[in-house]
Amino acid sequence: MKFAYTIVYVPDVAASLAFFEKAFGFACRFLHESGAYGELETGATALAFASLEMGEMHFPDGFVAASASVKPLGVEVAFVTDDVAAAHARAVAAGATEILPPEPKPWGQVVSYVRCPDGTLVELCSPVGG
């Protein structure tokens, strides 16, 4: 078994890809010509976005869209960086909402949280152990 990708269902796939490029520096790997699915270049495990309509097709009994939830969903995407404060500031400048500013944790990491315009909750953290 191999963890291949995470898909976030969003109102506008192209806008989410553009935001993640601007806020976090990830390049677009792929955007389907329909605009309903796209992936970022994030290494071995892809971060992907699919349209809400695609989610409705896959989940006929419905689902909770992160963009429609007043509070962040209980799922996060985490990005490791050596400079959490700078990454946090870049994300907020790009349009993310600050949930928690960078703060040192007892286990040695610096961690912050932002919420993207599409509702995705992102943790920015230093490498474990420093």
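The values are calculated or read from the model by the stated rules, or taken from the named source; none is laboratory data. All of these numbers come straight from a predicted model, not from anything done at the bench. Virtual Cβ from ideal backbone geometry, glycine too; neighbours counted across all protein chains shown. Note: accessible area is taken over every heavy atom of the protein model, side chains too, but ligands, DNA and RNA are not part of it. Shrake-Rupley method; radii C 1.70, N 1.55, O 1.52, S 1.80 Å.
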_Angle between the chain longest axis and helix 84-94 axis [Cα atoms, degrees, rounded to 10]_ = 40
*So what is the accessible area of the chain per residue, in Å², with the probe set to 1.4 Å?*
56
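Considering only DSSP states other than H, G, I, E and B, which chymotrypsin sites (Phe, Trp or Tyr not before Pro) in the range 46-130 qualify as loop sites with at most 11 other Cβ atoms within 10 Å?
For chymotrypsin sites (Phe, Trp or Tyr not before Pro) across the range 46-130 that sit outside H, G, I, E and B with at most 11 neighbouring Cβ atoms in 10 Å, the list reads W107.
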*Would you mind telling me which residue in A68, A50, A14 has the biggest mean-square fluctuation in a Gaussian network model of the chain, where springs connect alpha carbons within a distance under 10 angstrom?*
A68
_Sulfur and carbon atoms: percent of accessible area, the range 33-115 [1.4 Å]_ = 58
_Kirkwood-Stokes translational diffusion coefficient of the chain, alpha-carbon pairs, 10 °C, 1.306 mPa s, µm²/s_ = 104
*asked:* Taking the 0 to 90 degree range and rounding to the nearest ten, how far is the long axis of helix 13-24 tilted relative to the main principal axis of the chain, both from C-alpha atoms?
replied: 10
_Can you tell me what share of the DSSP beta bridges in the range 4-69 is antiparallel? A percent to the nearest 5 is fine._
55
_Starting from 0.36 nm per residue, how many nanometres of slack lie between W107 and A27 once their C-alpha separation is accounted for?_
25.7 nm
*Just for the chain, what percent of DSSP beta bridges are antiparallel, to the closest 5?*
65
*Find out how many positive minus negative residues lie around V84, taking Lys and Arg as positive, Asp and Glu as negative, among other residues whose Cβ is under 13 Å from that of V84.*
-3
